[in-house]
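Each remark here refers to the structure printed beneath this line.
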Amino acid sequence: MSEQKPLLALDGITKRFGQSVDPLHRLLNKLGAKHQDQYVYAVNDVSLSVASKEVVGLVGESGCGKSTLGRLAVGLLEPDAGKRFWRGQAVAEMSPTEQRRVRLAVQMIFQDPYASLNPRMRAVDIVTEAPLQHQLISARDKKEFAISLFAKVGLAPEMMERFAHQFSGGQRSRLGIARALAVNPEFLVCDEAVAALDVSIQAQVLNLFMQLRADLDLTYLFISHDLGVVRHLADRVVIMYLGRIVEEGTGAEIFGHANHPYTKALLSEMPVIRLERKTYHPVAGEIPSPMHPPTGCHFHPRCPQALARCASEVPLLREVASGHRSACHLNDMQ
Amino acid sequence: MTTTAQLKVEHLVTEFATREGVVRALDDVSFELHAGQIMGLVGESGSGKSLTGFSIMGLLDPPGRVAAGRIMIKGQDIRSMTPEQVRQMRGNRMAMIFQDPMMTLNPVMKISAQMIEAIEAHRRVSKAVALDECRAALAMVGIPSPDERLNAYPHQFSGGMRQRVAIAIALLNKPDVIIADEPTTALDVTIQGQILAEVQKICRQTGTSVIWITHDLSVVSGLADHISVMYAGRIVEQGASAEVLGNPSHPYTRGLIRSVPAANAPNQPLYQIPGMTPALSQLPAGCAFRPRCEKSTAACLDSPLVVPVSTGHTVRCFHPFREPLELSQ
């Protein structure tokens, strides 16, 4: 990927949430109290690049920062540190016109289509609002434009005048996808876009994603907790744990030769259809609170192979095979 | 199988009286469960899997009612019992675990108080004995330092720990049957693995039978001894897990298995079942799956009967598949 400029790159991105010390406590601090700013590092020094026409799967459990990273990639959140690049150019340094162009090129599809669709708008208005606003289409072409969009995502044109609540779950997903496609994006960030759907409907929507990728040359950042879905779609897989990337590599590498103990644990717990009963050997322990993450490697309290230095030293992402990087001290042992 | 089944459900019918007429939400549901067995009850939203649990537990609210059939717990028919007898049995000989543990837990009571309440509702024991039992139950579901945790409130627990507490409460009176309604759906994969491990261990140790209700075939495939697949209020296929998953005979079961991403080769289009689940008030005549089925014929306009495929493996279909399903994994 180094030969070609990535379509979208995040470089050393950090996003923290929390509160700084308020004036009263600052005053008390002057009198000797020790109140400190409290921050949760939702995303901590993460670098990620996505090449054109690539599908990157971003996997992690709740609270690992995958959704925050997705929002940073779209530009819905501003990073506290680090830079976002579009086709090799830093977005923050672009002119406002260019920034608007990038904003249209990167679109997001949300998990809950019901919460992200205006209940008082008709489907036709939902999908044409953005292109009208940005003068990509004229008001005269609205109907025609909506019909072609609906056809792309497999919705019947008769549904155009309906409200969001009149659609079934799978149809609402399609509507959310249609809305994202309305501004001719190049890059789609899908945040748990199929998690709420039944298996048979999920299959239909996943097929639609793959169909659209082939038809429109789309690039995806596909965020999911479901390894089965990611294995199916993604060219490259990125695994996050508590705000950091712990491993990344091609789908074949991650699912064939996982390196990080956390990835291995995830894979062994990944539910797959099997014909024999399984004896479970789950990883012990809970996901720690991101408010007080463990020192060193965040995974060390749950890691079956933890060393003494794992508690003190943060492991860096290092290449373990071609196109496969992992952040684990065990790789220094061989 | 000479022993009496822990739970035997025969031809259960549950109906809802609505303005549009009587809707039959469960139709001819039958299965049996022996000691220590886990049965996976699988289906998509609206298929009636949770309703089966509610009907057995006697937790149906009007206008829903069990209209026909028998529900036998160790040979005793629940439907012929008085409401007081059913109340005595609920939480005692059968218990239910819900998807959201906060449905079970009272947010303003300490865990110890809630657990003791569950014991005292059914037995007269001293508080010390009850506390010992609570401690043992918490330890059984893998909660570290149960002594301290007894004095905590539900909000002090993480999601996975809350679900463990809910399971511990269900276990307190050593029930014959536990009905678990999507208990791990909201949990992370590593935490789900921990809970599944505990449940498997508990069934083996105590002989409690479990009905594990889920939409996820892959979760039950590693856990359950038997699988029953529901569609539109009917069980369309049931049998030993390996049988149902290895030789799925009903076109719906086959479609479900083939549409799971993990069962398909990466980047290939997934098999998709056309159409959507019908509304229960507008079920097609005959086989409810007919409009979505690739094998449907004119015969399917009649309701199919349950036919055996092999020992213990039955299917409700006129044109069942006979050959095993090859999965590309």
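Quick notes on this structure:
- The set of residues in region B:6-52 being outside any strand (DSSP E or B), surrounded by fewer than 20 Cβ atoms within 10 Å (Cβ to Cβ) and of a type in the set (A, V, I, L, M, F, W, C) consists of B:ALA35 alone.
For (1) part of a loop (DSSP other than H, G, I, E, B); (2) polar (S, T, N, Q); (3) touching a Leu at 6+ places or on another chain (Cβ under 8 Å); (4) more than 26 Å from B:HIS34 (Cβ to Cβ), each residue gets a yes or a no:
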{"residue": "B:PHE54", "(1), (2), (3), (4)": "no, no, yes, no"}
{"residue": "B:PRO62", "(1), (2), (3), (4)": "yes, no, no, yes"}
{"residue": "B:ARG65", "(1), (2), (3), (4)": "no, no, no, yes"}
{"residue": "B:MET72", "(1), (2), (3), (4)": "no, no, yes, no"}
{"residue": "B:SER112", "(1), (2), (3), (4)": "no, yes, yes, yes"}
{"residue": "B:ARG135", "(1), (2), (3), (4)": "no, no, yes, yes"}
{"residue": "B:PRO144", "(1), (2), (3), (4)": "yes, no, no, yes"}
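- Screening B:GLY75 against (1) at pLDDT below 90; (2) among the small types (Gly, Ala, Ser); (3) crowded, with 20+ Cβ neighbours inside 10 Å leaves a single unmet condition, (3).
- Any hit, region B:148-170, residues being away from chain A (no Cβ under 14 Å), free of Cβ contacts under 8 Å to residues at least 40 places away in the same chain and assigned to a helix (DSSP H, G or I): yes
- All positions within region A:127-147 that are under 20 Å from A:GLU186 (Cα atoms) and surrounded by 12 or more Cβ atoms within 10 Å (Cβ to Cβ): A:VAL127, A:THR128, A:GLU129, A:ALA130, A:PRO131, A:LEU132, A:HIS134, A:LEU136, A:ILE137, A:PHE145, A:ALA146
- Inter-residue pairs, beta-carbon under 9 Å, first within 13 Å of chain B (Cβ to nearest Cβ) and in region A:276-298, second in a loop (DSSP other than H, G, I, E, B) and of a type in the set (Asp, Glu), 6+ apart: A:ARG277/B:ASP225; A:ILE287/A:GLU61; A:ILE287/B:ASP188
- Number of residues in region A:230-252 that are in contact with a Pro (Cβ under 7 Å, 6 or more places away or on another chain) and within 11 Å of chain B (Cβ to nearest Cβ) equals 3.
- Top-ranked residue of region A:209-229 - restricted to ones that are farther than 18 Å from B:ALA265 by Cβ and crowded, with 22+ Cβ neighbours inside 10 Å, ranked as nearest to the other protein chains (Cβ to nearest Cβ): A:SER224
- Top-ranked residue of region B:178-194 - restricted to ones that are in contact (Cβ under 8 Å) with a residue 40 or more places away in the chain and not small (Gly, Ala, Ser), ranked as nearest to A:SER224 (Cα to Cα): B:THR185
- The lone exception for B:VAL220 - which of (1) facing another protein chain (nearest Cβ under 10 Å); (2) β-branched (Val, Ile, Thr); (3) under 30 Å from A:GLN211 (Cα atoms) it fails: (3)
- Test result for B:ALA67, among the hydrophobic types (A, V, I, L, M, F, W, C), surrounded by fewer than 19 Cβ atoms within 10 Å (Cβ to Cβ) and modelled with pLDDT under 95: yes
- Neighbours by Cβ (under 6 Å, 6+ apart or cross-chain): first from region B:290-306, in a loop (DSSP other than H, G, I, E, B); second of a type in the set (Lys, Arg): B:SER296/B:ARG290; B:PRO304/B:ARG316
- Of the residues making up region B:156-198, those that are farther than 15 Å from B:ILE211 by Cβ and acidic (Asp, Glu) number 2.
- Of the criteria (1) out of contact with any helix residue (DSSP H, G or I) (no Cβ under 6 Å at 6 or more places or on another chain); (2) within 12 Å of chain A (Cβ to nearest Cβ); (3) over 23 Å from B:PHE31 (Cα atoms), which one B:GLY275 fails: (1)
- When residues in region A:109-123 are screened for being farther than 22 Å from A:ALA195 by Cα and either touching a Lys or Arg at 6+ places or on another chain (Cβ under 7 Å) or of a type outside the set (A, V, I, L, M) (or both), 3 of them pass.
- Filter pass, B:TYR271 being within 18 Å of A:VAL199 (Cβ to Cβ), in contact with a Lys or Arg (Cβ under 7 Å, 6 or more places away or on another chain) and crowded, with 17+ Cβ neighbours inside 10 Å: yes
- Selected residue (only one of A:GLY249, A:GLY170 is among the small types (Gly, Ala, Ser) and under 28 Å from A:GLU319 (Cβ atoms)): A:GLY249
- Hey, A:PHE255 within 12 Å of chain B (Cβ to nearest Cβ), within 29 Å of A:GLY12 (Cα to Cα), surrounded by fewer than 20 Cβ atoms within 10 Å (Cβ to Cβ) and modelled with pLDDT of 90 or more or not: yes
- Flag if B:SER249 is away from every other protein chain (no Cβ under 14 Å) and closer than 27 Å to A:PRO271 by Cα: yes
- The set of residues in region A:19-49 that are polar (S, T, N, Q), farther than 22 Å from A:PRO294 by Cα and part of a strand (DSSP E or B) contains only A:SER49.
- Criterion violated by A:HIS232 - all others in (1) crowded, with 23+ Cβ neighbours inside 10 Å; (2) over 20 Å from A:GLU192 (Cβ atoms) satisfied: (2)
- Residue within region A:52-64 that is over 23 Å from A:ARG231 (Cα atoms) and touching a residue at least 60 places away in the same chain (Cβ under 8 Å) present: no
- Considering A:VAL272, A:VAL246, A:VAL283, A:VAL314, the condition of being at pLDDT 90 or above and either part of a strand (DSSP E or B) or surrounded by 16 or more Cβ atoms within 10 Å (Cβ to Cβ) (or both) is satisfied by A:VAL246 alone.
- Pick from region A:258-269, criterion of a type in the set (A, V, I, L, M, F, W, C) and more than 9 Å from chain B (Cβ to nearest Cβ), ranking: surrounded by the most Cβ atoms within 10 Å (Cβ to Cβ): A:ALA258
- Verdict on A:ILE177 being within 11 Å of chain B (Cβ to nearest Cβ), crowded, with 23+ Cβ neighbours inside 10 Å and not polar (S, T, N, Q): no
- Any hit, region B:197-209, residues being under 20 Å from the mean Cα position of the chain (by Cα), modelled with pLDDT of 90 or more and surrounded by 22 or more Cβ atoms within 10 Å (Cβ to Cβ): yes
- B:ARG234 vs. criteria more than 9 Å from chain A (Cβ to nearest Cβ) and surrounded by fewer than 23 Cβ atoms within 10 Å (Cβ to Cβ): no
- Of all residues making up region B:203-217, the number that are of a type outside the set (Val, Ile, Thr), touching an Asp or Glu at 6+ places or on another chain (Cβ under 7 Å) and more than 11 Å from chain A (Cβ to nearest Cβ): 1
The values are calculated or read from the model by the stated rules, or taken from the named source; none is laboratory data. These numbers come from a predicted model, not from an experiment. No Cβ is skipped: glycine too gets one built from the backbone with ideal geometry, and neighbour counts run over all protein chains shown.
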